[in-house]
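A.B. asks: I have a structure I would like to understand better, so I am pasting it below and will then ask my questions one at a time.
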């Protein structure tokens, strides 16, 4: 099905649809551990992005790139991609994009040795999701559980619970600002 979508978008020259599908494919490959394929798809996406001005798709490709970098355990690259994804999703008003960026930022925090920050972000994220009545997709539920379990395993119970509670007290703007702080703390020196 995905191959057919890629072929159709290529045949008709519909770049927006092609970029969206490529982002989905890259995310699928990264999620299933096919990192070489994910990298190749992201490289093709970068070539297409040079030819167009589509901020929503730039943000989506950067988000897929962050997931790829996280699966490669490259915290610096993941942070760079998350800055661009957060910027793009905020610019285009994509709340669902921002919420997914927050999950990846929590994963980045664990990778960077910041389990308290990860739990704080997850607490904030969980509160936002409950408020809007969102039921986690099974893939996202597993991701949240994995990140939370890893982070909690690195902290005393009281510290972990306090970090989660701090996150629950955040509104969406505070959550986004905190995510940006976490990412900035992991960015490689320029």
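A.B. asks: Can you name the condition, by its number, that residue 98 falls short on among (1) closer than 19 Å to residue 162 by Cα; (2) in contact (Cβ under 8 Å) with a residue 60 or more places away in the chain?
C.D. replies: Status for residue 98: all satisfied but (1).
A.B. asks: May I ask you to say which residue of 188, 138 is in contact (Cβ under 8 Å) with a residue 24 or more places away in the chain and within 19 Å of the chain's Cα centre (by Cα)?
C.D. replies: Residue meeting the stated conditions: 188.
A.B. asks: Check region 21-32 and report whether any residue there is within 20 Å of residue 68 (Cβ to Cβ), in a loop (DSSP other than H, G, I, E, B) and at pLDDT below 95.
C.D. replies: At the first step, the residues of region 21-32 found to be within 20 Å of residue 68 (Cβ to Cβ) are 21-32.
If we keep only those that are in a loop (DSSP other than H, G, I, E, B) too, we end up with 32.
Keeping just the survivors that are at pLDDT below 95 gives 32.
Checked against the condition, which is being within 20 Å of residue 68 (Cβ to Cβ), in a loop (DSSP other than H, G, I, E, B) and at pLDDT below 95, region 21-32 yields at least one hit.
Okay, residues lined up against (1) surrounded by fewer than 18 Cβ atoms within 10 Å (Cβ to Cβ); (2) more than 22 Å from residue 74 (Cβ to Cβ); (3) at pLDDT below 95:
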| residue | (1), (2), (3) |
| --- | --- |
| 107 | no, no, no |
| 118 | no, no, no |
| 123 | no, yes, no |
| 138 | yes, yes, yes |
| 143 | no, no, yes |
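A.B. asks: Out of everything in region 151-161 that is surrounded by 16 or more Cβ atoms within 10 Å (Cβ to Cβ) and in a helix (DSSP H, G or I), what residue ends up being nearest to the chain's Cα centre (by Cα)?
C.D. replies: 151
A.B. asks: Still on this structure: Return yes when residue 148 is at pLDDT 95 or above and either crowded, with 23+ Cβ neighbours inside 10 Å or over 22 Å from residue 27 (Cβ atoms) (or both) and no when it is not. Give the derivation first.
C.D. replies: Working: at pLDDT 95 or above: yes; either crowded, with 23+ Cβ neighbours inside 10 Å or over 22 Å from residue 27 (Cβ atoms) (or both): no.
Against the criterion (at pLDDT 95 or above and either crowded, with 23+ Cβ neighbours inside 10 Å or over 22 Å from residue 27 (Cβ atoms) (or both)), residue 148 does not qualify.
A.B. asks: Also, I was wondering about something else. Could you check, for region 27-39, whether at least one of its residues is surrounded by 19 or more Cβ atoms within 10 Å (Cβ to Cβ), under 21 Å from residue 184 (Cβ atoms) and more than 13 Å from the chain's Cα centre (by Cα)?
C.D. replies: Scanning region 27-39 turns up no residue that is surrounded by 19 or more Cβ atoms within 10 Å (Cβ to Cβ), under 21 Å from residue 184 (Cβ atoms) and more than 13 Å from the chain's Cα centre (by Cα).
A.B. asks: So if I check each of 83, 52, which one is surrounded by fewer than 23 Cβ atoms within 10 Å (Cβ to Cβ), out of contact with any strand residue (DSSP E or B) (no Cβ under 6 Å at 6 or more places or on another chain) and not in a helix (DSSP H, G or I)?
C.D. replies: 52
A.B. asks: In addition: For region 56-103, which positions are at positive phi and in contact with a helix residue (DSSP H, G or I) (Cβ under 8 Å, 6 or more places away or on another chain)? Before the answer, list the steps.
C.D. replies: From region 56-103, those at positive phi are 73, 93; that's our starting set.
Listed by number, the list holds a single entry, 73.
A.B. asks: Assigned to a loop (DSSP other than H, G, I, E, B) and over 26 Å from residue 32 (Cβ atoms) - does that describe any residue in region 126-135?
C.D. replies: yes
A.B. asks: Something else: Looking at region 125-136 only, could you name the residues that are farther than 18 Å from residue 177 by Cβ and surrounded by 12 or more Cβ atoms within 10 Å (Cβ to Cβ)?
C.D. replies: Of everything in region 125-136, those that are farther than 18 Å from residue 177 by Cβ and surrounded by 12 or more Cβ atoms within 10 Å (Cβ to Cβ) turn out to be 129, 134, 136.
The values are calculated or read from the model by the stated rules, or taken from the named source; none is laboratory data. Because the structure is a prediction, the values reported are computed rather than measured. Counting neighbours? That spans all protein chains shown, and the Cβs are built from the backbone with ideal geometry, glycine included.
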